Amino acid sequence: MSKADPTSFVSLDDFERYAEANLDRNALDYYRSGAQDMITVRENQRAFDRIIVRPRILRDVSTVDMSTSIQGASISSPICIAPTAMQRMAHPEGECATARAAERKNTCMVLSSWSTTSIEDVAASTKGQSPKWLQLYIYKDRKATQRLIERAQDSGYTAIALTVDTPYLGRRLADIRNRFRLPPHLTMANFSDQKSQVSQSKTTHVSDNASGLATYVASQIDPTLSWKHVEWVKSVSRIPVLVKGVLTAEDAKLAVEAGVDGIIVSNHGGRQVDTAPATIDALEEVCRAVDGRVEVYLDGGVRRGTDVFKALALGAKAVFLGRPVLWALNYNGEEGVVEMLEMINEELRLAMALTGCVSVSDIKRDHVRVLPQARL
Ligand SMILES: Cc1cc2nc3c(=O)[nH]c(=O)nc-3n(C[C@H](O)[C@H](O)[C@H](O)COP(=O)(O)O)c2cc1C
Ligand SMILES: CC(C)CC(=O)C(=O)O
C-alpha cells in the first residue's frame with residue numbers, strides 16, 4: 001500500500017490510506033478490525049450508499065448554518081467524536097490531541113474509559129469550552145465504576161455515555177492472530193491509581209495469550225448487566241446518562257423507560273456481533289420508538305458529508321466518528337484531527353447547500369429515499 005500524499009488528501013479515506021502505511025501492525029489491525037468476517041464493518045458504510053438524496057432547488061443557500069446542540073450544549077456542527085480506546089498508539093499526544101481538536105472545532109468529544117490518558121489530564125489539556133463526555137463500561141468493581149463517574153463530573157465532563165453492547169468482547173480475528181498487546185510504555189490511564197480494584201498489570205492485561213484483549217475485557221466487565229444497572233448509573237450520576245449500542249425499537253423503548261437522557265445507535269463500529277445491522281438501517285426504527293422523548297445519535301461508517309446528512313434526515317440529532325479520528329491523529333496529531341473534521345464539515349455544508357437546506361432543522365425525512373436492503 002503506497003502512502004497517501006498528505007498534500008492531496010481530498011476525502012476521509014485518504015487519512016486511512018496514510019495510517020495503513022504508517023501504523024505498526026498491532027495498532028493498525030486493532031483500530032481497523034471488526035468482529036469475525038467484518039460484514040457489519042462493511043455494511044456500516046455500504047448502507048449509506050443505498051440511501052438516495054432528494055435535493056430541493058432554488059432556496060437561496062448563500063449562507064448555511066450547521067450549528068446545533070446536544071444535551072443542551074451548543075456545538076458548531078452535528079459531527080462529533082466517538083470514544084475509541086488507546087489513542088496514544090496512534091500519536092504520542094493521543095486523547096489530549098483529540099480533545100484539543102474537538103475544542104477548536106467546537107464539537108463534542110467522548111473519551112473512552114479505556115483511554116491511554118486520564119480523565120483529568122484530558123480535561124486539563126483543554127479550556128473546557130466544548131462538551132466532553134465520558135464513555136463508561138460497568139465494571140465488575142462497582143465502586144471503581146462509580147468513581148469514574150465522579151471523576152468525570154469533577155473534571156467538567158457533561159454526560160456519561162454508557163456502552164451496553166459489550167458484555168464480552170467481539171471476536172476480532174486479526175487481534176487474536178497478532179496477540180494484540182498495548183505497547184509497554186502505555187497504560188489504561190484511568191486505572192493506574194487503582195491496581196487493587198481494577199487489575200491491569202497481571203497476565204490479563206492485553207496479554208500475551210492469543211485472545212489477550214478479550215481476556216482482559218472478560219476480567220473487567222460484568223456480563224450480568226441488565227436494565228437495572230442502567231438505572232443504577234442514573235442514580236449515582238449528576239450528569240445526563242446516555243446508552244450507546246442500541247439497535248432495535250424494543251431496546252430503545254426500554255432505554256427510555258429506564259430514564260436515559262439519550263440513545264446512541266451504534267454497533268460498536270461492527271466490532272461486537274458480526275452481521276448486526278448497519279446503524280443507518282437501524283436508526284429509523286429507533287427514532288420511531290423513541291418518538292422525540294430523548295435525543296438519538298448515530299455512529300458507524302460515517303465518512304462523508306452526505307452520510308451525516310442522511311443520518312440527520314432519518315432522525316439523528318448528531319453523528320459520531322470513530323476510526324477517522326484515529327487515522328487523522330496518526331497522520332498529524334491535533335492538526336490532523338482538525339483537518340479531518342474541517343474536511344467532513346465542509347462536505348456537510350456543501351451537501352446542505354446542494355439540497356436546499358440552510359440549517360440542520362431544514363433537513364427533513366423527505367430529503368432521502370431508502371432503497372430496499374441488499375442481502376448481507
Ligand atoms: C479502535 C476502536 C476502539 C474503540 N473503543 C471503544 C471504547 O473504548 N468504548 C466504546 O464504547 N466504543 C469504542 N469503540 C466504538 C466507537 O465508539 C464507535 O462506536 C465506532 O468506532 C463507530 O464506527 P466508525 O469507526 O465506523 O466511525 C471503539 C472503536 C474502535 C474502532
Ligand atoms: C479496550 C477495548 C475493549 C475497547 C473497545 O471497546 C474496542 O476495542 O472496541
Checklist entry - Does segment 40-102 come out rounded, prolate or oblate by the C-alpha gyration tensor, with a ≥ b ≥ c the root eigenvalues, rounded set by a/c under 1.5 and, if not, prolate when a/b is larger than b/c and oblate if not? => result oblate
Checklist entry - So, counting K/R as plus one and D/E as minus one, what does the shell of residues with Cβ under 12 Å around VAL236 add up to? => result +3
Checklist entry - Across segment 236-253, in residue order, what do the Karplus-derived ³J(HN,Hα) couplings come to in whole Hz, using 6.51 cos²θ - 1.76 cosθ + 1.60 with θ = phi - 60° and x for Gly and Pro? => result 9, 10, 8, 10, x, 10, 10, 9, 10, x, 8, 9, 9, 4, 4, 6, 4, 5
Next on the checklist: 5 Å is the cut-off here: which amide hydrogens, built 1.01 Å from N in the peptide plane, fall below it relative to ARG271, excluding neighbours closer than 5 in sequence?
Outcome noted: ALA35
Checklist outcome for this item: For segment 27-149, shape from the Cα gyration tensor axes a ≥ b ≥ c, cut at a/c of 1.5 then a/b versus b/c, turns out oblate
Checklist entry - What whole-number value in Å² describes the accessible area per residue of the chain for a 1.4 Å probe? => result 41 Å²
Item to check | Pairs beyond 19 Å (Cα-Cα), from LYS140/LYS234; LYS228/LYS317; LYS132/LYS244; LYS105/LYS132; LYS228/LYS253 | outcome: LYS228/LYS317
Checklist entry - Once phi is turned into ³J(HN,Hα) by the Karplus curve 6.51 cos²θ - 1.76 cosθ + 1.60 with θ = phi - 60°, what whole-Hz value does each residue of segment 139-146 show in order, with x for glycine and proline? => result 7, 4, 7, 5, 5, 5, 5, 4
Next on the checklist: Need one word for segment 259-366: rounded, prolate or oblate. Basis is the Cα gyration tensor (sqrt eigenvalues a ≥ b ≥ c); a/c below 1.5 gives rounded, then a/b vs b/c decides.
Outcome noted: oblate
Next on the checklist: Below 18 Å, Cα to Cα, which aspartates and glutamates can LYS310 reach? Residues fewer than 8 away in the same chain don't count.
Outcome noted: GLU43, ASP49, ASP65, ASP281, GLU284, GLU285, GLU295, ASP299, GLU346, GLU347, ASP362, ASP366
Checklist entry - Non-local amide H neighbours of LEU136 (under 5 Å, H modeled in plane, Pro and chain starts lacking H): which ones? => result ALA161, LEU162, THR163
Next on the checklist: Starting from the 7 Å offset along Cα-to-Cβ, what nm value, one decimal, do you get for the label separation of ALA218 and VAL53?
Outcome noted: 4.6 nm
Next on the checklist: How many angstrom lie between the Cα centre of segment 76-113 and the Cα centre of segment 230-302?
Outcome noted: 21 Å
Checklist entry - For the chain, which whole percent of the accessible surface, found with a 1.4 angstrom probe, sits on carbon and sulfur atoms? => result 50 percent
Item to check | Pair ILE176, LYS253: separation of 7 Å Cα→Cβ label points (nm) | outcome: 3.6 nm
Checklist entry - Can you list the cysteines of the chain that have no other Cys Cβ under 4.7 Å away? => result CYS96, CYS287, CYS357
Next on the checklist: Test of the criteria: in segment 214-275, which chymotrypsin sites (Phe, Trp or Tyr not before Pro) are in a DSSP loop and have at most 16 other Cβ atoms within 10 angstrom of their Cβ?
Outcome noted: none
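The values are calculated or read from the model by the stated rules, or taken from the named source; none is laboratory data. Treat the numbers as computed from the prediction; the structure is a model and nothing was measured. Every residue, glycine as well, gets a Cβ built from its backbone with ideal geometry; the counts of neighbours run over all protein chains shown. The protein model used for the area step is the full one, side chains on, heavy atoms only, and it has no ligands, DNA or RNA in it. Shrake-Rupley method; radii C 1.70, N 1.55, O 1.52, S 1.80 Å.
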